[in-house]
Every structure is written in structure tokens, then in C-alpha cells.
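S.K.: One structure is given below, represented as C-alpha cells, and several questions about it will come after.
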Amino acid sequence: MASRITQRTRLVCLLLLAVSPLTACSLLNAPDRSKLEPHDAGVRDGDVDAGDAGDAGDAGDAGDAGDSGPMQEDCSAPGDEDGDGLINCDDFDCSGDPSCCSGGDTLIDESWPESFSLAWQKEPADGATRFPSVKSGGGTLTDFPSDTTTGILNRACQPLALGAELTTTFELTTSSCSRTVEDCEVAVVLTGATHIRRSGGFLDDIAIRMSAAGTLSVTQSGEVLGDADFDRGTAVDVVLTISPTVDERGRPALSASVTARNATIGTAPIVALLTDHVFLQQRFLRTDGTCAEVAGLGLAVQGLGDAVHVDRLRLSTLGCQNPTVFQPLPGGIGPHSLDATTTGMGGYTDGGVGAPSLFRARRATDQPWHVYAEVTSLDPELERFTHVGWAIAFSQTSTWTSDVWSAGGVAPSVRPFPFLGTAPPACLMVDGDCSPAQASYRDPFAYLIEDSTELQAVRLFFAYQASPSDAYEIAWTLRNSPGEDSDSFITILRPGPAPAAGDAGTPDATHLDPGCEELRDPAVFRVPNADPRMSAAWLLYTCRANGVSPSIHALPLRTTDWKIAPSSVPITLLSSEALGAFASAGVWGAEPVMDFTGEGDPLLRLWFMARSIAGVSSVGLAQASFKTSPAGELPPLEHFDANPVLSSRSPALGSCGSCAISDVAVSRADDATLRFLVARRADDRYSLMPLEQPWAHGSAP
């Protein structure tokens with residue numbers, strides 16, 4: 001092999017995980033530099049930038065800080081380089097590192113039998129008289145015509161957002177070429193195009209090219225990113241690795257690296273054609289086939305002349321952890337499949353359904369999925385003008401992919417009452433059993449009691465309002481089985497100032513949060529401990545007050561009676577000031593999931609809702625390790641750099657730019673999968689959208 005290895009200037013492009021309705025995708029095409037915005041000064045930017053025309057509420061435009069950030073985690077070193085308590089694969093910095101990926105599925109394994117399979121289409125579809133063929137006996141793609149570039153395109157779109165690895169071998173023959181040896185070449189191309197161009201071949205979002213002269217190069221839109229020379233008459237193994245990452249401005253991105261070696265010489269060194277990460281901008285996404293679930297590109301092989309052949313071609317997913325990638329459920333469940341009707345929650349839910357809580361009961365006979373949700377009989381949009389009452393309803397299914405659930409096995413037509421509250425929950429005037437002044441129940445959170453006999457007893461936390469003139473407070477009720485009806489509950493937290501001197505306080509010694517005028521969205525998690533008596537529980541809730549953006553507070557819970565100790569002081573766990581513009585108008589609706597780090601330490605993963613000043617709501621993610629946290633204290637949260645992880649423009653939600661996300665529920669399916677229910681409004685219809693996300697790290701506590 002010749003000694004020349006050219007290192008090109010590092011190419012930085014951005015993979016914004018947003019959807020376009022166009023049918024072609026271009027993950028890698030270089031941006032128009034004259035239209036790029038300068039780095040924003042100071043705060044991260046989650047809204048529309050001057051250069052983001054038409055891209056309101058980007059799912060990943062949250063990190064436009066122009067200055068360099070703190071040190072990143074070294075994914076191969078044993079320590080905690082960035083000092084956030086998270087090491088290697090547990091750190092967000094390493095989520096896309098190939099060593100932290102779990103391995104995925106084989107997408108293409110083409111050994112080139114004597115005839116092409118139906119998976120490949122010949123290009124150009126018309127106008128060509130000859131196409132590449134397979135060498136007699138199979139195993140090698142060869143015989144590209146010398147008069148024009150032709151090729152073959154795999155008919156499926158290849159998902160890339162969770163990482164992928166492409167391997168192939170080029171055979172450099174000593175055959176002559178009717179053109180110059182530089183012009184005669186074969187290329188493996190990742191492309192957003194659905195057909196080859198009349199001149200120049202497929203649009204190369206990224207391409208690996210081998211010329212008859214022995215130059216192996218990596219190109220994007222015709223620009224050479226890196227190259228190396230090999231001797232003619234040899235075989236060259238090439239590996240392209242793509243993995244998710246975050247660019248220097250905190251936006252979701254993909255990085256690519258390419259290595260090669262002379263396969264003819266067993267001791268030949270590995271050559272890195274791209275030694276730096278290359279961030280790839282996703283401009284257009286195909287939504288057909290597998291790319292409807294995970295963003296990707298097409299795979300093509302093209303050539304000119306018969307001096308270079310292609311041996312086995314293999315493409316597989318890496319299974320990297322990418323918090324910005326969500327997958328719709330298998331079976332074709334649509335975005336409106338789970339609403340008040342299909343969940344069987346009854347006719348009193350005509351106004352809407354939202355704020356879901358999702359969990360899976362662990363019974364000996366089966367493991368059904370349960371959902372509690374807030375429901376109302378009036379359009380929730382009326383809350384801008386008048387009081388709207390709410391109730392809490394219940395539904396379940398034994399099959400997660402079912403598009404019709406049931407209210408505890410009872411048909412909707414014979415279940416006239418909600419789980420908590422009255423039916424109907426809301427009315428504008430006294431009408432039969434409905435009064436505008438009746439109590440309201442919202443924001444359910446189901447905490448599954450682990451030590452119950454049937455492993456299905458539930459302590460349901462919720463926000464309670466005694467009348468329209470009262471503020472919402474936090475309460476809980478105990479159920480021996482999901483769906484069991486009862487109106488008895490215990491209030492544990494109220495908003496308002498501390499009692500005056502000499503005042504005995506509230507009659508039942510309910511704890512107070514003096515900084516809040518209204519309490520909403522309770523959630524509970526328990527930090528596991530080898531000694532169950534030392535296991536701590538925490539209550540998270542949304543603090544709302546006039547003139548202040550909502551924030552998420554935390555208080556410790558006694559596990560003896562599930563109340564708050566009188567001496568406990570509320571902690572502001574998450575606020576808009578710490579997150580940037582995507583959360584500039586506040587955060588709410590914490591959804592905790594306890595996990596373990598690779599070293600076995602408790603790890604809190606926290607999803608939450610956020611709203612920008614522009615009124616765009618989205619889902620953010622943070623996490624914290626309890627490794628060094630003192631007993632009885634919460635560790636600081638590490639925020640995902642590419643927040644928000646989900647918005648109405650995300651591919652999994654159908655890229656509904658006019659939709660509004662209001663709440664999200666998160667639950668483990670197993671050690672490799674998370675399940676979500678996203679509450680959203682689209683075309684004046686309120687529904688719960690089921691999603692899944694691969695999550696390979698940690699194990700269920």
C-alpha cells in the first residue's frame with residue numbers, strides 16, 4: 001500500500017431529528033454556509049432560530065451555546081471525567097459510543113448469488129442498455145458498463161438513528177478501463193434519492209468509493225472527506241460506522257467513521273480515512289418502510305467500468321441508546337387509537353383524556369398493562385374561560401399492541417362512573433347529578449406496591465381540588481387491585497404559607513409548600529437499598545404560582561405511613577432556568593424510572609414536560625446517580641444535551657406540527673425496552689399515543 005493518507009478538514013454537519021413530508025432523505029448533504037446562523041450567546045436555544053425557518057419547536061434545537069462546554073466523559077477510561085457521577089456508558093456523553101451499543105439486527109447481508117434478489121432495483125430504471133452483473137458462480141458484483149454510471153438500489157430504507165455498521169470488500173483488479181483509471185470506479189452509497197441521476201450516479205449523502213487507480217475515498221455531495229491509496233490487484237476491507245451523538249451546540253447528531261485495510265496482506269495495518277467524528281445533518285427523512293420508525297437512508301451500489309468489483313456487503317444496526325428516537329408500536333397502532341372510546345373509560349370522557357399513568361401488574365397468572373388517566377366531559381380548551389371539572393378513569397389490556405382496551409373487564413356501556421370523581425366530571429350549570437362546584441381529580445400516578453401479596457396493589461397519587469375556589473393539593477388512595485373503586489383518600493401536601501405563630505396548622509398535619517399556589521402532577525419513586533428499611537422514597541410534584549414559571553419540586557416520603565415528615569423542606573429539583581429556551585415557560589409532569597448504573601448504583605432517569613415562550617410543549621430528559629449522594633438527599637441532575645427528546649414534530653408522532661403534547665407516562669417493559677403513553681391534542685381530538693424506545697442499559701430494580 002502506498003504511504004499517502006490525506007486527512008481532510010473536519011466536516012461538521014448536523015443531524016436534526018425532525019421530519020419532512022418529502023419522500024427523499026438527505027442525512028449528510030452539506031449545508032449552505034451562507035444561511036447558517038452564528039452560535040447563540042449564553043443560553044441554549046430550544047426555539048426557532050433565525051436560521052431555522054419553518055422548523056418551529058425542533059425536537060433537538062435546545063443547545064445553541066456557542067462556547068465550549070465542560071469536559072466530556074471518556075467512554076473508555078475508568079473514571080468520571082466530567083464529574084457528574086456517571087461513568088462511561090451510564091453517561092449521556094457515551095450513549096452513542098459503539099462500545100456502549102448493545103448490537104442490533106442485520107439489515108442486509110448480500111453475498112451476491114448468481115441472480116439479483118427482488119430486494120434490489122436496477123438503476124437507471126430506463127435508458128440503460130447494460131447493468132452490473134454477478135460473476136459466474138456468485139459472490140462478486142462486477143461488469144459495470146463503461147459508457148455510463150449504473151447501479152442497484154435496495155428497495156428498503158435503512159434505519160440509521162440507532163447506529164449502524166456497514167462492511168464490504170473491494171477487489172482492485174488489473175483490468176484495463178476504457179476511461180482513465182481515475183474515472184473508473186465502484187461506490188457503495190448511502191443516499192436519500194430514490195433513483196440514480198443521469199450523470200454522476202446517486203446523490204451521495206455518504207459514499208465509499210474505490211477507483212481503478214487504487215484510491216479509496218469517502219465523499220459527501222462529491223466532496224472528498226478522506227482518502228488513502230492501495231495497490232492494484234489487492235482486496236480492501238472497509239468498515240463504515242455510524243452512531244448517534246450530540247453536536248457541539250447540543251443538537252442530536254450522527255457521527256461517522258471509516259476504516260480500511262489491505263485484506264490481501266494478513267498483517268496490513270488498519271487505515272483510518274476519517275479519524276474525527278463527522279456530524280451529519282438530516283434535512284429530509286423518508287417515511288416509508290422501516291424509516292417510518294427510525295430515520296434512515298437508502299443503500300446503493302454504483303459503478304463505471306469493470307476494473308473494481310464488490311464482494312460481500314453487510315449492513316447491521318448497532319442498537320445504540322438514543323433518547324431522541326421513539327418507535328410506534330408493532331401492529332400499526334395509529335396516533336388516535338387510544339382515546340376515551342378505545343380505552344373503554346366510559347361516556348363521561350367525551351371532552352378529553354390526558355395525564356396518563358402507565359404500569360404493568362406482576363401477577364402470577366398474567367401481566368396486564370394498566371392505565372389511569374384524567375378525563376373530562378367538557379372541552380379542556382374551556383379552561384381558559386371557566387372552571388372545568390376532571391375525574392380519574394381506569395383501563396387495562398393484556399396485550400400492549402391491542403387497539404381496544406377495557407375498563408377493568410367491564411364494557412364501557414355498563415361502567416357509568418369513573419375510578420375517582422363523578423360522572424359527568426364537568427358541566428357549565430347544575431344539571432341532574434352534575435354541579436360546576438363539585439370536586440375535581442387530576443394527574444394520577446400509580447405506584448405499584450412491591451411487597452403486596454398479589455404484587456398488584458396500587459397506591460394512587462393524584463391532584464385533588466375540593467371545589468373551583470380551592471387550590472389543587474396532593475393526595476393518595478390505596479387499592480388492593482387496579483381499578484377498584486373508592487372515594488376515600490389521604491391528603492399529604494397542600495400549597496400555601498406556613499402556619500402563623502401559635503397556629504396549630506392544618507387539622508390533619510398535612511405538609512405545606514409555602515412557595516406554591518397550586519400543586520399538580522405527583523410522582524413517586526423509591527431508591528433501592530440492600531436494607532429495605534433504609535430504602536428512601538421521594539415525592540415529585542409541579543409547583544404552580546402566579547407570575548412564576550411552573551417548576552418541579554421534591555420532598556422525601558416516610559415509607560411507614562407515606563406521609564411527609566414535618567421538618568422536611570421542599571427542594572426545587574428542576575426549573576426553567578437550568579434548561580434553556582425549550583423550557584423557558586416552565587416544566588411539569590415528572591416521570592421517574594429507577595435504574596442501575598453499570599456498577600450497580602441506583603440511577604434515576606427523569607422524563608418531564610417543558611414549554612417554551614412560544615408555547616411549544618415537548619418532553620425533556622435528565623438523570624442522576626445516587627452513588628455519592630448522602631442518605632436522604634437527591635443528587636444533582638444531568639440534563640440530556642439534546643433536549644427536548646420528543647416534540648410534536650418527532651417522526652414517531654407522525655410529524656404533526658399542529659399537535660400539542662400535554663403529558664407523558666413512562667414504564668419499563670423489560671430490561672431493554674421502555675414504553676410511553678404520550679397525551680396530545682390533534683385536530684381538537686385528545687388521545688394517548690403508545691410508543692416504545694430501546695433502552696439497553698441498567699436493569700429493573
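S.K.: Please calculate the 1.4 Å probe accessible area of Glu381, with all protein chains present, and give it to the nearest 10 Å².
M.R.: The accessible area comes out at roughly 60 Å².
S.K.: How do Ser435, Ser576 rank by accessible surface area computed with a 1.4 Å probe, from largest to smallest?
M.R.: Values: Ser435 40, Ser576 15 Å².
The residues order as Ser435, Ser576, largest area first.
S.K.: Taking the Cβ of Thr173 as the center, what net charge do the other residues with Cβ under 13 Å away carry, scoring Lys and Arg +1 and Asp and Glu -1?
M.R.: Values: positive: Lys135, Arg232; negative: Asp143, Glu171, Glu185, Asp231, Asp306, Asp311.
Charge balance near Thr173 sits at -4.
S.K.: Still on this structure, please answer the following. Given a Förster distance of 22 angstrom, what is the FRET efficiency for Glu223 paired with Ser199, based on the Cβ-Cβ distance and rounded to 0.05?
M.R.: Working: r = 17 Å, r/R0 = 0.78.
Computed FRET efficiency for Glu223 and Ser199 comes out at 0.80.
S.K.: How much net charge surrounds Leu606 when only the other residues with a Cβ under 13 Å from the Cβ of Leu606 are counted, with Lys and Arg +1 and Asp and Glu -1?
M.R.: Once all neighbours under 13 Å are counted, the net charge is -3.
S.K.: A further question follows. How much of Trp695 can a 1.4 Å solvent probe reach, expressed as accessible area in Å² and rounded to 10?
M.R.: 0
S.K.: Roughly how large, in nm² to one decimal, is the mean projection of the convex hull of the alpha-carbon atoms in segment 149-254? Each step should come with its number before you reach the end.
M.R.: Values: hull surface 30.9 nm².
Mean orientational projected area (segment 149-254, Cα hull): 7.7 nm².
S.K.: Could you sort Glu110, Glu165 by their accessible area in this structure, using a 1.4 Å probe and putting the largest first?
M.R.: Putting Glu110, Glu165 in descending order of accessible area: Glu165, Glu110.
S.K.: Moving on to the next point. Calculate the spin-label point distance for Arg314 paired with Thr560, positioning each point 7 Å from the Cα along the beta-carbon direction, and give it in nanometres.
M.R.: Here the modelled spin labels are 6.1 nm apart.
S.K.: Obtain the radius of gyration and the Kirkwood radius of segment 160-219 from its C-alpha atoms and give Rg over Rh. Each step should come with its number before you reach the end.
M.R.: Working: Rg = 13.1 Å, Rh = 13.0 Å.
Computed over Cα atoms, the ratio is 1.01.
S.K.: Two decimals, Cα atoms only, Kirkwood Rh: what is Rg/Rh over segment 523-652?
M.R.: Working: Rg = 15.4 Å, Rh = 15.6 Å.
That ratio equals 0.99.
The values are calculated or read from the model by the stated rules, or taken from the named source; none is laboratory data. Small disclaimer: the values here were computed from a predicted structure and weren't measured. For neighbour counting, all protein chains shown are included, and Cβ atoms are generated from backbone atoms with ideal geometry for every residue, glycine included. The accessibility values were calculated without ligands, DNA or RNA, using every heavy atom of the protein model including side chains. Shrake-Rupley method; radii C 1.70, N 1.55, O 1.52, S 1.80 Å.
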